[in-house]
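The values are calculated or read from the model by the stated rules, or taken from the named source; none is laboratory data. Please read these numbers as outputs of a predicted model, since none were measured by experiment. Note that we place each Cβ from the backbone using ideal geometry, even for glycine, and neighbour counts take in every protein chain shown.
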Amino acid sequence: VSKFTLWVGPLPLRWTALHRNVSLHGFTDIQIAGPAKKWEHTHTFISLSQKITEIREQIEYEHKSGFWGIVTRLLFSKPNLTLMFTYRKLATRWYLRSFKT
């Protein structure tokens, strides 16, 4: 179980996630408490070669009603998710390349 806070300006999005199906091939994060009505994020690792691994991600989510539903609709819109995961892809690539010898 992981607990974290994602800050959206002055708004704290508190999140508790349970990790399931953890293996060398990936894992799934399931929100057990947080801003969305449902959030399941599956990370799949695919070995392309001895030095290259592709990460595929699939997210299933539903919004709550009310104020937090509005917040998650804005935050987790398709353009924002695309931007967030593009940034994470670049940051992950940069981080992993720092270990090359």
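For (1) farther than 21 Å from S77 by Cβ; (2) among the hydrophobic types (A, V, I, L, M, F, W, C); (3) touching a residue at least 12 places away in the same chain (Cβ under 8 Å), each residue gets a yes or a no:
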residue: Q31; (1), (2), (3): no, no, yes
residue: L48; (1), (2), (3): yes, yes, no
residue: I55; (1), (2), (3): yes, yes, yes
residue: Y61; (1), (2), (3): no, no, yes
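Among residues belonging to the stretch 1-13 that are loosely packed, with under 12 Cβ neighbours inside 10 Å and among the hydrophobic types (A, V, I, L, M, F, W, C), point out the one that is nearest to E40 (Cα to Cα).
By that ranking, first place goes to V1.
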Q: Of the conditions (1) modelled with pLDDT under 95; (2) not in a loop (DSSP other than H, G, I, E, B), K100 clears all except one; give me its number.
A: (2)
Q. Which one of the conditions (1) at pLDDT 95 or above; (2) loosely packed, with under 15 Cβ neighbours inside 10 Å; (3) closer than 21 Å to K89 by Cα does T16 fail to meet, given that it meets all the rest?
A. (3)
Q | strands (runs of 3 or more DSSP E) enclosed by the stretch 1-87 - at least 2 residues per element that are over 13 Å from the mean Cα position of the chain (by Cα) and more than 22 Å from F99 (Cβ to Cβ) | A | 2-8, 11-23, 26-33
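For every residue, the table says whether it meets (1) at pLDDT below 90; (2) more than 17 Å from A17 (Cα to Cα); (3) loosely packed, with under 10 Cβ neighbours inside 10 Å.
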{"site": "H43", "(1), (2), (3)": "no, no, no"}
{"site": "L48", "(1), (2), (3)": "no, yes, yes"}
{"site": "I59", "(1), (2), (3)": "no, no, no"}
{"site": "W68", "(1), (2), (3)": "yes, yes, no"}
{"site": "A91", "(1), (2), (3)": "no, yes, no"}
